[in-house]
Amino acid sequence: MKRLFTFMLLFISIFTNCGGQNFRSVNAADFEQIVKQPDVIVLDSRTAQEYADGHIRNAVNIDVKADDFEQKAIATLDKSKTIAVYCRSGRRSKIAAATLAKNGFTVIELDCGIICWSSAGKEVVK
């Protein structure tokens, strides 16, 4: 049942245009299920220092505020996989998600960032 639910979330994410955006924002519980899928890359869009202070397991770190974010993301990330992006509170990840979607990536964004993730008792690694 969990697998079906997760598949449905991914399907909706791919084919839904959320508020004019080409990505879907989800809560921590849904994000947790999505990042467990083998065809998902987790992207932390915060600074390297923020990443070092604690991140979601297996997350790749590319700072959205860096001048070369777009180029690094295109060169590093696999367009055949869904990108699950987050930041601290949800602001930067929305910018990252929009940039990635513009470049042809399928993107799911953690709406309230690692703050909500941590508050929900989800795992953070250093």
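Bear in mind these aren't lab numbers, they're just calculated from the coordinates by the rules spelled out. Everything quoted here is computed from the prediction, not taken from an experiment. Counting neighbours? That spans all protein chains shown, and the Cβs are built from the backbone with ideal geometry, glycine included.
Label S80 and K102 with points 7 Å out from Cα along Cα→Cβ: what is the distance between them in nm?
Result for the modelled spin labels: 2.7 nm.
May I ask you to list the residues of the range 86-108 whose amide nitrogen lies under 17 Å from a point 7 Å from Cα along the Cα→beta-carbon direction of D53?
Correct set: 86-93.
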